[in-house]
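Below is one structure, written out as structure tokens; comments come after it.
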Amino acid sequence: MKNLFLGVSGLAMMASVASAGGLDRSGQSVSAIFADDNTASLSFGYVAPSITGTDSQGASYDVGNNYSQIGLSYTNSINDKVNYSVIFDQPYGADVSYNTNPFISNLGGTGADLDSQAISFVARFKLNDRISFFGGIKGEAVEGEVSLNGTSYASAIAVNAVAGATPGVEAETLGAALQGDPDAIAALGGLAAVGALGTAVATQAGTFLTTGGYSFDMEKDTKVGYILGAAYEIPEIALRFALTYSPEIQHKAKTTENIFGAVVTGDVEYVTPQSVNLEFQTGIAANTLLTAGYRWTEFSAVDVIPDALGSDLVNLDDSHRYSIGMARRYSDALASSITLTYEPEGEDNLVSPLGPTNGLFGVSIGARYTEGPLNISGGVNYTKVGDALAEVGGREAASFEDNHVWGVGFKAEMSF
């Protein structure tokens, strides 16, 4: 019973992980380290988001693009005390596009495409049959592209550009003055001065739109990090509690920006976030397994601030994901599971247009068929994502409501 439900519960959770908060995609589990010796696995997930919204100009958006996830692992032992796993996953990602005319919409032409790959080598030392420690190294590659466009970004970026070129004028004050704030108008010298600055902002905003808005390209950068963890097990009842810590990994990438028709090359330093995974399972009755999990990811520490733009492209809150599930074996060949996943809403309903959701609740159903050394698993997930207001410069740019995500996953596991 020790590993009987690993594929079932893992597959059910894989589909829900794919719609998790922030930029999280794989969940970065190292549960393969608990697989039987000489076991290889291949997993595939496909996710279809429906993330729709509208803005104050009457534009409609359908921004979530379909994407796929691949995972590979191989586990074997060196001796009775030490085993290891090699794990490939795609830990972070984004695929968002606002395919609307930027001249007549707040966010048209805005989008993001982030890709990542990671290979981890994890070794586990068994202190005894109940306590073990594991750790390893991870090579991680990240690359991405971002586009900012539409009238909301044109106005906000133009305000920053005019304020930056005008001594004694702060962007926040100028933005407030253009919105009619009397204190800000007085601070800038009255209506005449604000009118002149407003004309300059309008000219810059027009230039921004006619030159294609803002684009950012970040070349692939590969860095190495590490993983640490510990586990407590009672094999007789399939109990396992595992704690995994992954520290942040520092990256530095070459960049190319296009803004106001000018091309700016440079580099940007950023981190991929530290995270903690807690994974629990235990048998609660004959042929029945309870699973639970928690994942914290410190996305608030991720800042990507390009040279020419001068502001953060990420701007995400920390992610807290909870899951609980049940798996049931019907025969030596067949088992199934159900898993619930929850992420609470953030404190502020204003979110980045590159991730226009706030919290989620998902249900995943999985099944596993065993034939000799081969295990075939499959799962389907439905996730309801929370309503959110996409903001630019602290002001609402679009409203997203009543959205959801479908995901399916498959896994093949072979013991040699």
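Summed over region 364-398, residues that are over 20 Å from the mean Cα position of the chain (by Cα), farther than 30 Å from Ala156 by Cα and aliphatic (A, V, I, L, M) total 4. Scanning region 170-220 for residues being among the polar types (S, T, N, Q), under 19 Å from Glu396 (Cα atoms) and in a helix (DSSP H, G or I) gives a total of 1.
With among the aliphatic types (A, V, I, L, M), more than 30 Å from Arg295 (Cα to Cα) and open to solvent by 20 Å² or more (accessible area, probe 1.4 Å) as the only criterion, which of Ala177, Ala184, Ala202 stands out? Step through it out loud before you land on a result.
Values: Ala177 fails: open to solvent by 20 Å² or more (accessible area, probe 1.4 Å); Ala184 fails: open to solvent by 20 Å² or more (accessible area, probe 1.4 Å).
After ruling out the rest, the residue left standing is Ala202.
The number of residues in region 315-354 being of a type in the set (A, V, I, L, M, F, W, C) and either out of contact with any strand residue (DSSP E or B) (no Cβ under 9 Å at 6 or more places or on another chain) or within 30 Å of Leu289 (Cβ to Cβ) (or both) comes to 8. So, Thr341, is that one more than 25 Å from Thr54 (Cβ to Cβ), β-branched (Val, Ile, Thr), under 16 Å from the mean Cα position of the chain (by Cα) and surrounded by 19 or more Cβ atoms within 10 Å (Cβ to Cβ) or not? Spelling it out, Thr341 is indeed more than 25 Å from Thr54 (Cβ to Cβ), β-branched (Val, Ile, Thr), under 16 Å from the mean Cα position of the chain (by Cα) and surrounded by 19 or more Cβ atoms within 10 Å (Cβ to Cβ).
Find the residue count for region 225-252, including only residues that are in a strand (DSSP E or B) and under 30 Å from Val142 (Cα atoms).
Summing the residues that are in a strand (DSSP E or B) and under 30 Å from Val142 (Cα atoms) in region 225-252 gives 16.
Residues of region 292-307 being assigned to a loop (DSSP other than H, G, I, E, B), open to solvent by less than 50 Å² (accessible area, probe 1.4 Å) and not hydrophobic (A, V, I, L, M, F, W, C), which ones? Hits for region 292-307 are Glu298, Pro306.
Residues that are open to solvent by 40 Å² or more (accessible area, probe 1.4 Å), touching a strand residue (DSSP E or B) at 6+ places or on another chain (Cβ under 8 Å), of a type in the set (Phe, Trp, Tyr) and modelled with pLDDT of 95 or more do not occur anywhere in region 99-107.
Looking across region 142-152, the residues that are open to solvent by less than 30 Å² (accessible area, probe 1.4 Å) and closer than 18 Å to Phe103 by Cβ come down to Leu148, Asn149, Gly150, Ser152. Looking at region 116-134, which of its residues are open to solvent by 70 Å² or more (accessible area, probe 1.4 Å) and in a strand (DSSP E or B)? Passing the criteria: Ile119, Phe121, Phe125, Phe133. The set of residues in region 145-178 that are at positive phi and touching a Leu at 6+ places or on another chain (Cβ under 8 Å) contains only Gly150.
Among the residues of region 221-241, which ones are crowded, with 19+ Cβ neighbours inside 10 Å and in contact with a Pro (Cβ under 8 Å, 6 or more places away or on another chain)? Of everything in region 221-241, just one residue is crowded, with 19+ Cβ neighbours inside 10 Å and in contact with a Pro (Cβ under 8 Å, 6 or more places away or on another chain), namely Gly225. Of everything listed in (1) farther than 22 Å from Val385 by Cβ; (2) surrounded by fewer than 16 Cβ atoms within 10 Å (Cβ to Cβ), the single unmet condition for Asn66 is (1). Considering only residues in region 247-276 that are more than 23 Å from Thr222 (Cα to Cα) and in contact with a strand residue (DSSP E or B) (Cβ under 8 Å, 6 or more places away or on another chain), the one that is least open to solvent (accessible area, probe 1.4 Å) turns out to be Ile259. For region 253-262, check the following and say yes or no: at least one residue is outside any strand (DSSP E or B) and in contact (Cβ under 8 Å) with a residue 60 or more places away in the chain. Yes, region 253-262 has at least one match. The set of residues from region 385-401 being surrounded by fewer than 16 Cβ atoms within 10 Å (Cβ to Cβ) and either without any contact (Cβ under 8 Å) to a residue 60 or more places away in the chain or assigned to a strand (DSSP E or B) (or both) comprises Gly394, Arg395, Glu396.
The values are calculated or read from the model by the stated rules, or taken from the named source; none is laboratory data. The structure displayed is predicted, hence computed values, not measured ones. Note: ideal-geometry Cβ built from the backbone for every residue, glycine included; neighbour counts use all protein chains shown. Areas reflect the complete protein model, heavy atoms only, side chains present, ligands, DNA and RNA absent. Shrake-Rupley method; radii C 1.70, N 1.55, O 1.52, S 1.80 Å.
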